[in-house]
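Engineer: Mind having a look at this structure? Questions to follow.
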């Protein structure tokens with residue numbers, strides 16, 4: 001039996017309206033380390049978005065190194081694998097590889113090749129059980145960037161990007177199978193798999209060229225488990241053995257109701273056996289006022305008082321509050337008025353939504369979320385509106401490169 005701890009989307013260094021999340025991260029990571037030790041896991045897989053930005057702060061990097069040190073102490077024999085996500089500075093995860101290897105940590109920032117072929121020595125890792133025997137292998141693949149994908153020919157139908165991602169995984173799995181035979185194989189991926197539920201405002205559609213989702217059948221049926229990162233809601237996609245572990249902490253108000261934590265996976269002799277999502281306790285509360293709908297401005301103070309928050313609570317533990325108010329007509333100075341009210345309470349106001357009653361004679365238009373539009377489609381429309389002609393292939397390739405560099 002092989003036991004894995006699957007985690008992702010730590011987003012170290014993230015802030016919420018200028019407020020640091022380090023205290024929350026440290027509390028969640030302490031629970032992660034305790035879980036790994038308690039379950040005596042054979043491997044810890046961090047499936048991307050370790051950092052929140054391509055230029056992480058010194059504090060964020062220190063927190064990563066502290067966590068790796070404590071994980072290694074808690075799980076002396078476990079395979080520890082870090083995979084780069086779209087938020088991560090791939091080079092910074094690659095650069096300390098020699099030092100990571102001294103601690104038994106495998107960091108994979110980019111797709112590595114030797115002579116044009118996938119370098120399995122960089123991507124294929126054995127996972128050993130408590131007896132020291134190899135019970136499975138991990139095929140560690142990071143977020144697929146434009147340069148990692150094979151070039152599709154003119155005969156390819158549909159999305160060339162999805163074709164490229166599928167071809168990359170096919171190549172990697174075939175190479176791994178040639179080396180390990182039929183042994184249980186665990187895959188990783190940091191991408192949006194079709195059917196996964198995303199969080200509005202917290203996740204970008206990330207495949208190159210505006211194509212945002214790959215079908216789950218890019219992962220072969222004989223894969224024992226697929227450890228995914230990018231979507232912040234813990235969930236399965238397509239089949240039981242393809243899963244997002246979800247983020248460690250809420251990254252936006254749309255994630256208040258999520259069960260943040262990590263996933264424990266067990267593999268038997270025939271591959272996937274079970275997956276258990278383990279929820280973590282939140283060290284900082286995320287509250288919506290009111291719980292549903294919107295509140296009158298005159299009732300805000302009463303609503304905040306009803307939270308009954310200890311005024312002696314330290315600043316780093318004060319809850320984040322997402323406030324929704326309803327007004328009828330102009331409201332000059334509204335934000336200043338609300339800020340003055342909130343200052344009376346031990347809270348941190350991080351979002352303010354204003355709702356106005358819709359006029360009876362106003363046309364009913366179905367709203368479209370920006371997340372429902374593909375970036376490439378928006379680029380095509382903007383280009384044609386500006387120049388009066390559709391963008392050429394050269395323009396689309398330039399857009400792909402810029403989208404990749406973002």
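Engineer: With respect to the numbered conditions (1) at pLDDT 85 or above; (2) within 26 Å of residue 380 (Cβ to Cβ); (3) part of a loop (DSSP other than H, G, I, E, B), which one is the sole condition not fulfilled by residue 142?
Structural biologist: (2) is the only condition that residue 142 fails.
Engineer: Considering only segment 343-360, I want to know if a residue exists there that is modelled with pLDDT under 90, out of contact with any strand residue (DSSP E or B) (no Cβ under 7 Å at 6 or more places or on another chain), exposed (fewer than 10 other Cβ atoms within 10 Å of the Cβ) and farther than 27 Å from residue 289 by Cβ.
Structural biologist: yes
Engineer: For segment 169-184, name all the residues that are over 21 Å from the mean Cα position of the chain (by Cα), within 16 Å of residue 217 (Cβ to Cβ) and crowded, with 16+ Cβ neighbours inside 10 Å.
Structural biologist: Residues satisfying the conditions are 172, 173.
Engineer: On to the next question. Within the set of pairs 6+ apart or on separate chains, which have a first residue in segment 117-133 that is free of Cβ contacts under 8 Å to residues at least 12 places away in the same chain, a second that is surrounded by 14 or more Cβ atoms within 10 Å (Cβ to Cβ) and in a loop (DSSP other than H, G, I, E, B), and C-beta atoms under 7 Å apart?
Structural biologist: Partner pairs satisfying both residue conditions: 119/112.
Engineer: Tell me, please, whether a residue that is at pLDDT 95 or above, in the same structural domain as residue 51 (by TED's automatic domain parsing) and under 26 Å from residue 374 (Cβ atoms) can be found in segment 177-185.
Structural biologist: Within segment 177-185, not a single residue is at pLDDT 95 or above, in the same structural domain as residue 51 (by TED's automatic domain parsing) and under 26 Å from residue 374 (Cβ atoms).
Engineer: Shifting gears a bit: When you scan segment 85-103, how many residues do you find that are in a loop (DSSP other than H, G, I, E, B) and either touching a residue at least 40 places away in the same chain (Cβ under 8 Å) or more than 28 Å from residue 192 (Cβ to Cβ) (or both)? Even if it seems obvious, please write down each step before you answer.
Structural biologist: First, the residues of segment 85-103 that are in a loop (DSSP other than H, G, I, E, B): 85-89, 95-96, 103.
From what is left, the residues that are either touching a residue at least 40 places away in the same chain (Cβ under 8 Å) or more than 28 Å from residue 192 (Cβ to Cβ) (or both) are 85-88, 96, 103.
Of the residues in that region, 6 qualify.
Engineer: Just to be sure, is residue 17 under 16 Å from residue 277 (Cα atoms) and touching a residue at least 40 places away in the same chain (Cβ under 8 Å)?
Structural biologist: Values: under 16 Å from residue 277 (Cα atoms): no; touching a residue at least 40 places away in the same chain (Cβ under 8 Å): yes.
It is false that residue 17 is under 16 Å from residue 277 (Cα atoms) and touching a residue at least 40 places away in the same chain (Cβ under 8 Å).
Engineer: Also, quick follow-up: Looking only at residues that are more than 18 Å from residue 75 (Cβ to Cβ) and in contact with a helix residue (DSSP H, G or I) (Cβ under 8 Å, 6 or more places away or on another chain) in segment 15-49, which one is surrounded by the most Cβ atoms within 10 Å (Cβ to Cβ)?
Structural biologist: Here is the first cut: in segment 15-49, the residues more than 18 Å from residue 75 (Cβ to Cβ) are 15-27, 48-49.
With the extra rule that they be in contact with a helix residue (DSSP H, G or I) (Cβ under 8 Å, 6 or more places away or on another chain), the set shrinks to 20, 22-23, 25-26.
Working: 20: 15, 22: 18, 23: 15, 25: 24, 26: 14.
Out of the qualifying residues, it is 25.
Engineer: Quick check, is residue 5 within 23 Å of residue 280 (Cβ to Cβ), in contact with a helix residue (DSSP H, G or I) (Cβ under 6 Å, 6 or more places away or on another chain) and assigned to a strand (DSSP E or B)?
Structural biologist: For residue 5, the condition - within 23 Å of residue 280 (Cβ to Cβ), in contact with a helix residue (DSSP H, G or I) (Cβ under 6 Å, 6 or more places away or on another chain) and assigned to a strand (DSSP E or B) - is met.
Engineer: Could you list, in sequence order, the residues of segment 251-265 that are at pLDDT 95 or above and either in a strand (DSSP E or B) or farther than 28 Å from residue 42 by Cβ (or both)?
Structural biologist: Going residue by residue through segment 251-265, those that are at pLDDT 95 or above are 260-265.
Answer for segment 251-265, where residues must be at pLDDT 95 or above and either in a strand (DSSP E or B) or farther than 28 Å from residue 42 by Cβ (or both): 261, 262, 263, 264, 265.
Engineer: Here's something else I'd like to know. Restricting to segment 271-308, give me the number of residues that are at pLDDT 90 or above, assigned to a strand (DSSP E or B) and surrounded by 15 or more Cβ atoms within 10 Å (Cβ to Cβ).
Structural biologist: Final tally of qualifying residues: 8.
Engineer: Right, here's the next one. Would you mind finding the one in 102, 80, 68 that is modelled with pLDDT under 90 and over 30 Å from residue 351 (Cα atoms)? Break it down stepwise before answering.
Structural biologist: Details: 80 fails: modelled with pLDDT under 90; 68 fails: modelled with pLDDT under 90.
Answer to the check: 102.
Engineer: Please determine, by comparing only the residues of segment 229-238 that are surrounded by fewer than 23 Cβ atoms within 10 Å (Cβ to Cβ) and in contact with a helix residue (DSSP H, G or I) (Cβ under 7 Å, 6 or more places away or on another chain), which one is modelled with the lowest pLDDT.
Structural biologist: Step one: filter segment 229-238 for residues surrounded by fewer than 23 Cβ atoms within 10 Å (Cβ to Cβ), giving 233-238.
Those left that are additionally in contact with a helix residue (DSSP H, G or I) (Cβ under 7 Å, 6 or more places away or on another chain): 237-238.
Numbers: 237: 92, 238: 87.
Filtering segment 229-238 for residues that are surrounded by fewer than 23 Cβ atoms within 10 Å (Cβ to Cβ) and in contact with a helix residue (DSSP H, G or I) (Cβ under 7 Å, 6 or more places away or on another chain), the one modelled with the lowest pLDDT comes out as 238.
Engineer: Residues that are within 14 Å of the chain's Cα centre (by Cα) and in a strand (DSSP E or B): does segment 10-32 have at least one?
Structural biologist: Within segment 10-32 (the criterion being within 14 Å of the chain's Cα centre (by Cα) and in a strand (DSSP E or B)), the answer is yes, since at least one residue qualifies.
Engineer: State yes or no: is residue 82 under 16 Å from the mean Cα position of the chain (by Cα), free of Cβ contacts under 8 Å to residues at least 40 places away in the same chain and not in a strand (DSSP E or B)?
Structural biologist: Numbers: under 16 Å from the mean Cα position of the chain (by Cα): yes; free of Cβ contacts under 8 Å to residues at least 40 places away in the same chain: yes; not in a strand (DSSP E or B): no.
Judged against the criteria, residue 82 is not a match.
Engineer: Given the structure, is residue 252 without any contact (Cβ under 8 Å) to a residue 60 or more places away in the chain, over 15 Å from the mean Cα position of the chain (by Cα) and either surrounded by 23 or more Cβ atoms within 10 Å (Cβ to Cβ) or assigned by TED's automatic domain parsing to the domain that holds residue 24 (or both)? Can you show your working first?
Structural biologist: Working: without any contact (Cβ under 8 Å) to a residue 60 or more places away in the chain: yes; over 15 Å from the mean Cα position of the chain (by Cα): no; either surrounded by 23 or more Cβ atoms within 10 Å (Cβ to Cβ) or assigned by TED's automatic domain parsing to the domain that holds residue 24 (or both): yes.
Answer is no for this residue.
Engineer: In segment 309-346, which residues are more than 24 Å from residue 20 (Cβ to Cβ) and part of a strand (DSSP E or B)?
Structural biologist: Residues satisfying the conditions are 324, 325, 326.
Engineer: Okay, next question. Out of all the residues in segment 256-270, which are over 21 Å from the mean Cα position of the chain (by Cα) and surrounded by 18 or more Cβ atoms within 10 Å (Cβ to Cβ)?
Structural biologist: Keep residues of segment 256-270 that are over 21 Å from the mean Cα position of the chain (by Cα), which gives 266-270.
Scanning segment 256-270 gives a single hit, 267.
The values are calculated or read from the model by the stated rules, or taken from the named source; none is laboratory data. Keep in mind it's a predicted model, so treat the numbers as computed, not measured. In this analysis, Cβ positions are derived from the backbone assuming ideal geometry, glycine residues included, and neighbour counts consider all displayed protein chains.
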